[in-house]
Amino acid sequence: MAGPAAGSAPAGNVRSTAARTPGRLGSEEYHSAPLPVAQEAAVLFAANHAQSAAGLLKSEIKDTAGRNNKQAWLMLFDLHQTAQDRAEFDSLSMLFSVKFEQSPPAWAEGGDAPSDPRRIQSRDRKDFYALKPNAAGDLAGEIEKFAAFADSQGTVRLDVAKVAAITSEDASLFTSVLQRLRKKHVPMWFNHVEGLERVLRSAFNERATESQRPYWLLLFELYIVQGKMAEFEDLGLEYAVAFEISPPSWETYVNTVAAAAVKAAGAGKAAAEPPSHESGYALKGVLSAASANQVAELNAYAATRSEVTVDMNKVLRVDFAFTSAFFDVVKAIQLAGKRVILANLNELNAALLEALGVNRYAILVRRKSN
């Protein structure tokens, strides 16, 4: 189910359009009644329509039937907190206290509140490389430059957003380069790799031929370096049927930088405070296709644990275009026999994950509202 374009106004009557049309949320089909208001607002927020989400929630708490919907109130608090709108937050607090005869959520000062990383992003991009075809549409030269760049830097963050097509020869070369870097234990991250995976998939025909094999092998390699074992095994079954031979074997790749960062974060937290059931790997910011680094680190963190706790306290939102990928990450960890806990969720993100059906694969724990 494609989300609205970020930053644009939803077309028509929001409550009868995309948010309520049967289709795909997460990775599984749903054919249900219209979404509850809270989930509909969460989907709008995920699609970067915060004002539309706020309008929907404000209408709900003024409605005779919806004014007792405490979740809608709490989601409005989250929206005002995210927007750093203290005046609206305080105004809502007074109404909440009168309505429910209890204390409202506390305003989180700057250091405690999740903020939009686009405002504060400062990242070393010395190891960033964008792979793109030359004027003739060829990739071979760029792949060789990428290999030399990765060798010189010792780590690499590869963006493949510009790869809209690839020849079988270039696919073979790319596979060879990735395998070499992987066996040298070069830490690698990928941006917009989902698009390249679709390009490779589109090269598969119903009747497999030898000329198509490089596309399959490159996709196998991409799954290995991303730690996507479940997808690798599914592709292996398809490969065995298509070519009537055994597929490649799974090989474990550990991004040493990501693994060390997770270990250091865990050690630092352990030194600073006593062990907590709720401590775990912390995601942060806007989770989107640009969050490949965080996903890789999460997979590394999950690899050695039977119970995987993910701290969602600093997550601003899960971008709607990334919801399917995030669903698949959580599902893959759970299907690997692990217990997944998404902790410290605000009401907006909790409602979104419930709409996606993530609660079938993970325990959703909301953070305390007061």
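Read-outs throughout are calculated quantities, based only on the coordinates presented, and are distinct from any laboratory measurement. Everything numeric in this text was worked out from a predicted model, so none of it was measured. Cβ atoms come from the backbone with ideal geometry, glycine included; neighbour counts cover every protein chain shown.
Label-point separation (nm) for A130 and S306, each offset 7 Å from Cα along Cα-to-Cβ?
4.7 nm
Quick one: of K62/K314; K162/K183; K314/K368; K126/K183; K62/K99, which pairs are farther than 20 Å apart, Cα to Cα?
K62/K314; K162/K183; K126/K183
I need the shape label for the stretch 279-370. Rule: rounded when a/c is under 1.5, else prolate if a/b > b/c, else oblate, with a, b, c from the alpha carbon gyration tensor.
Rounded, since a/c falls under 1.5.
Taking R0 as 51 Å, what's the FRET efficiency between S152 and S59 from their Cβ-Cβ distance, rounded to 0.05?
It comes to 0.35.
Would you please classify the overall shape of the stretch 155-216 from the alpha carbon gyration tensor, given that a ≥ b ≥ c denote the square roots of the eigenvalues, rounded means a/c under 1.5, and beyond that prolate means a/b larger than b/c while oblate covers the rest?
Cα axes put the stretch 155-216 in the oblate bin.
Which FRET efficiency, nearest 0.05, do A87 and D138 yield, Cβ-Cβ r, R0 41 Å?
Approximately 0.15, to the nearest 0.05.
Using the charge dipole of the stretch 211-251 (Lys, Arg: +1 at Cβ; Asp, Glu: -1 at Cβ; taken about the Cα centre), state which of P248, W216, G236 has its Cα farthest towards the positive end.
Going by the charge dipole, the pick is W216.
First measure r as the distance between the Cβ atoms of F100 and K314, then evaluate 1/(1 + (r/R0)^6) with R0 = 22 Å and state the FRET efficiency to the nearest 0.05.
Here the calculated transfer efficiency is 0.20.
If I model a spin label as a point 7 Å beyond the Cα along the Cα-Cβ vector, how far apart are those points for E244 and R180 in nm?
Each label point is offset 7 Å from its Cα along the Cβ direction, giving 3.5 nm.
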